[in-house]
Ligand SMILES: C[S@@+](CC[C@H](N)C(=O)[O-])C[C@H]1O[C@@H](n2cnc3c(N)ncnc32)[C@H](O)[C@@H]1O
């Protein structure tokens, strides 16, 4: 759960860097739980990646679910959020207990590389603020970072693209349609399940996909992204 100071920081960053922060408030606890549905494994060591941890509310949930040999990589582009995450790793007792297995990368996820792929990826990126081509390339990059059968969980606020499109310029509408198309392509190939989280401000869909390159999901009724 976010502390008062972290709420304040999030609000400041929303105003200062709206484009990359993309939300007024940190994710609520139900959204955090839905996003971390596939983090816990069956006892084998797992490598978990969280993209866009912000002040660390989803990270709290990930840490709760980490097994004794799991590792967690956090990649965050905003320097103030990175400072807050480092502070939590140093001073928050629950975070301290896993600190030797947590790495914080201060860079855009597009620049993250790894020599060992990740088993579970949780992304909190505000895709609706990005150009469609950037969303496509980030998703391709995440797939490249993923182990076979790895999951990717990410959210989108319900109805936001549709609402924005009502008042958008033609160019902006084209961008939003492009994002819908990119997400539809991803879900058509890899959808695993979708959770509806109404108890969040704003309510959100959580999409879970599985990068099963050798065993495509036999999912004929895949969920569609929110338009
Ligand atoms: C909607 S906020 C989510 C914060 C937090 N995980 C939560 O759920 O409340 C999006 C986060 O993604 C980060 N971010 C945006 N673009 C990014 C990028 N290209 N690479 C890494 N992090 C990015 C922002 O700085 C911000 O922390």
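Quick note: the coordinates plus some simple rules give every number you see, no bench work behind them. Everything numeric here is computed off the predicted structure, so don't read it as measured data. Don't worry about glycine lacking a Cβ; one is built from the backbone with ideal geometry, like all the others, and counts go over all protein chains shown.
Of the beta bridges in the chain, as assigned by DSSP with both residues counted there, near 40 percent are antiparallel. Applying 0.36 nm per residue to the separation of residue 115 and residue 103 and subtracting their alpha-carbon distance, the gain on full extension is 2.9 nm.
With a Förster radius of 30 Å applied to the beta-carbon distance between residue 184 and residue 12, the computed FRET efficiency rounds to 0.30. Centre-to-centre separation between the Cα atoms of segment 145-173 and those of segment 89-135: 19 Å.
Pairs of alpha carbons in segment 77-132 separated by more than 17 Å make up 53% of all such pairs.
Spin-label model, residue 3 to residue 29: label points 7 Å out along the Cα-to-beta-carbon direction sit 1.8 nm apart.
Packing-based ranking of 46-52, 168-174 yields 46-52, 168-174, ordered from highest to lowest mean Cβ neighbour count within 10 Å.
Between residue 40 and residue 224, the distance separating the two model label sites (each 7 Å from Cα on the Cα→Cβ line) works out to 3.5 nm. Applying 0.36 nm per residue to the separation of residue 79 and residue 168 and subtracting their alpha-carbon distance, the gain on full extension is 29.0 nm. Across the chain, Cα-Cα distances exceeding 23 Å account for 45% of all pairs.
Residue exposure proxy: 158, 121, ordered by other Cβ atoms within 10 angstrom of their Cβ from fewest to most, comes out as 158, 121. Available extension along the chain between residue 92 and residue 140 is 13.9 nm, counting 0.36 nm per residue and deducting the alpha carbon span.
Diffusion coefficient of segment 141-208 by Stokes-Einstein, Kirkwood radius over Cα pairs, 25 °C, 0.890 mPa s: 182 µm²/s.
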